[in-house]
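Single-structure report; data block below.
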Amino acid sequence: MADIIAWGDKHKKLIKIADGWLRKKMGASVTVVHKDLQNCGNPVFSRIAEYLNYAANQVKEDYQKRMMLDYGELFLWILYKDTAYRDPALWVLYQLLKNSDVLIKEIEPYVKEPDDWYVNAWHDSKKHSKEQQAEGKIPKTVKSFDESIFTPPEQSKRLQKYNKKK
């Protein structure tokens with residue numbers, strides 16, 4: 001199973017390069033895409049863009065907020081602008097909404113409030129590390145226990161320990 005954490009920074013940089021190249025070739029700068037979605041004539045895509053922007057504004061980490069908006073809006077903009085994808089995208093959305101009673105029950109256990117989102121919990125844990133470092137409770141080069149949980153090597157180590165206990 002593929003996992004983005006296993007990709008590491010090298011692959012994330014490749015995605016950013018591809019994003020920049022794609023935007024350049026399509027004339028789809030972040031500003032152009034954002035304005036197109038704000039002013040689009042299709043109320044469905046406009047509303048989805050509003051929800052995406054609202055959700056992104058709940059993210060406390062500026063970098064993740066920007067990536068969520070940049071990639072999310074680009075994907076949505078392509079679905080909106082490219083007639084090859086618009087009809088299938090709307091069909092899929094229609095099917096999802098037609099079966100919303102089933103989907104709501106399936107998604108409910110996974111839905112979290114913004115303060116509980118992984119990225120926001122990580123953001124808060126970084127602030128906790130800085131506080132503990134400033135108070136001299138931990139060295140400047142060490143992360144607090146709660147921030148260390150968000151470090152992939154530490155996650156892996158703890159999961160291995162957990163799996164051995166089973």
Query raised in the report: Counting only residues that are free of Cβ contacts under 8 Å to residues at least 40 places away in the same chain and within 19 Å of the chain's Cα centre (by Cα), which one in the stretch 122-146 is nearest to D9 (Cα to Cα)?
Result: K126
Query raised in the report: Can you find even one residue in the stretch 87-103 that is more than 30 Å from C40 (Cα to Cα) and of a type outside the set (K, R)?
Result: yes
Query raised in the report: Would you call Y110 surrounded by 10 or more Cβ atoms within 10 Å (Cβ to Cβ), not assigned by TED's automatic domain parsing to the domain that holds P153 and not acidic (D, E)?
Result: no
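Would the stretch 126-141 turn up any residue that is among the hydroxyl-bearing types (S, T, Y), outside the structural domain of N57 (by TED's automatic domain parsing) and farther than 24 Å from M68 by Cβ?
Scanning the stretch 126-141 turns up at least one residue that is among the hydroxyl-bearing types (S, T, Y), outside the structural domain of N57 (by TED's automatic domain parsing) and farther than 24 Å from M68 by Cβ.
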Report summary line: Within the stretch 6-60, the count of residues that are basic (K, R) and surrounded by fewer than 10 Cβ atoms within 10 Å (Cβ to Cβ) comes to 2
**Report entry** Selection within the stretch 138-155 - part of a helix (DSSP H, G or I) and surrounded by fewer than 12 Cβ atoms within 10 Å (Cβ to Cβ)
**Finding:** P152, P153
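The values are calculated or read from the model by the stated rules, or taken from the named source; none is laboratory data. Computed from a predicted model, the values in this text were never measured in an experiment. Positions of Cβ are backbone-derived with ideal geometry, glycine not excepted, and every protein chain shown enters the neighbour counts.
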